[in-house]
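Okay, so here's the structure we're looking at.
The values are calculated or read from the model by the stated rules, or taken from the named source; none is laboratory data. Bear in mind the structure is a predicted one, so any value in this text is a computation, not a measurement. Every residue, glycine among them, receives a Cβ derived from its backbone with ideal geometry; neighbour counts consider all protein chains shown.
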Amino acid sequence: MPNHAHWTPEAIPDQTGRTALITGANSGIGLETARVLARHGTRVILAGRSRARLDEAVRTLRAEVPQADLETLVLDLGDLASVREAAERIAATETLDLLVNNAGVMNIPERRTTTDGFELTFGTNHLGHFALTAQVLPALRRSPAARIVTVSAIAATWRSGALTDLMSEERYRPMAAYAKSKRANVVFTRELARRLTGTTITPVVIHPGAAMTNLQQHTRGALLRALSGVMERFLMGSPEGAAWPSLYAATSPDVHAGAFIGPASRNQTAGTPKPVALPRGADDPAEGRRLWADSERLTGVSFPL
């Protein structure tokens, strides 16, 4: 049996010759994932909305990992035209061994929409990644052993995350919209694993526990802002530790298709990664088919399966 209790990134085998595409790679968990993978020999394509921030991330990584093999890709998950343009470049030119669907937004105070009119949180966190994954699938198929790692959250287990009113048109609550998007990440991965059975592509979903990252930028209230330092020190993990589930899912030989990986502590806020229980009902094939059909209808993107 695999020994999850003592896994650290030092256990990552040499990744030389492998290529990874990481969304939201210019900061937080995405940047740390890129740093560790590059240190182990992965060629990393950092994707994000801002060219300037991507270039800054590359400078940061090269200062710490001089041998890093890095490229950048401008990609806005809230704009399906941007997703299509970026994905076409990858599908046409790359053999992709790893896709990390990491980028996300959280706790947007008022309901906003993407370029295509989707509620911003669900549109970015789920629909953008759904469309990206579908359109880079040719590049993943070229790899002899590709993985798709999608970053969900503990919010996927919340009752408010039920996959109804996906666009939050009936009622908008910031964290309920987030919970829906994160449950969708899990349901999508489980359905994708079913549809990719018999292929060499392994979809995995993770949750990083709790960490103070750029996702908290929309937190409101003077008290919450004042307490953020205390929360980070005593209640939450660091972005470095929060990247461990992504890194484990991306590289461990013990990971199987459809696995849900999270931190090992009792409350799953931090700790070494291990398989954790799926949110209740998230493995229901009927829910998977419904979400899949809704995602194809909304994005106009179909998987070439």
Quiz item: What pairs can you find where one residue is in the range 112-130 and in contact (Cβ under 8 Å) with a residue 24 or more places away in the chain, the other is of a type in the set (Lys, Arg) and crowded, with 24+ Cβ neighbours inside 10 Å, and their Cβ atoms are less than 7 Å apart, with a gap of 6+ or different chains?
Solution: Phe122/Lys180; Asn125/Lys182
Self-check item: Cβ-Cβ under 8 Å pairs, at least 6 apart or on other chains, the range 72-85 side touching a residue at least 12 places away in the same chain (Cβ under 8 Å) and more than 11 Å from Thr124 (Cβ to Cβ), far side in a helix (DSSP H, G or I) and among the acidic types (Asp, Glu)
Solution: Thr72/Asp55
Exercise. Any chance you could count how many residues in the range 8-34 are more than 17 Å from Arg89 (Cα to Cα) and either of a type in the set (Gly, Ala, Ser) or surrounded by 22 or more Cβ atoms within 10 Å (Cβ to Cβ) (or both)?
Key: 14
Quiz prompt | Residues that are among the hydrophobic types (A, V, I, L, M, F, W, C) and under 16 Å from Ala250 (Cβ atoms), drawn from the range 28-67 | solution = Ile29, Leu31, Ala34, Val36, Leu37, Ala38, Val44, Ile45, Leu46, Ala47
Practice problem: Check whether at least one residue in the range 150-170 is crowded, with 23+ Cβ neighbours inside 10 Å and either β-branched (Val, Ile, Thr) or free of Cβ contacts under 8 Å to residues at least 40 places away in the same chain (or both), and report yes or no. | Solution: yes
Practice problem: Go through (1) of a type in the set (S, T, N, Q); (2) outside any helix (DSSP H, G or I); (3) over 26 Å from Arg53 (Cα atoms) and name the single condition Thr150 misses. | Solution: (3)
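Could you grab me the full set of residues in the range 22-41 that are in contact (Cβ under 8 Å) with a residue 60 or more places away in the chain and assigned to a loop (DSSP other than H, G, I, E, B)?
Gly24, Ala25, Ser27, His40
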Exercise. Return yes when Val44 is closer than 21 Å to Pro245 by Cα and in a strand (DSSP E or B) and no when it is not.
Key: yes
Practice problem: Take the range 282-305 and flag every residue that is in a loop (DSSP other than H, G, I, E, B) and at pLDDT 95 or above. | Solution: Ala282, Asp283, Asp284, Gly300, Val301, Ser302
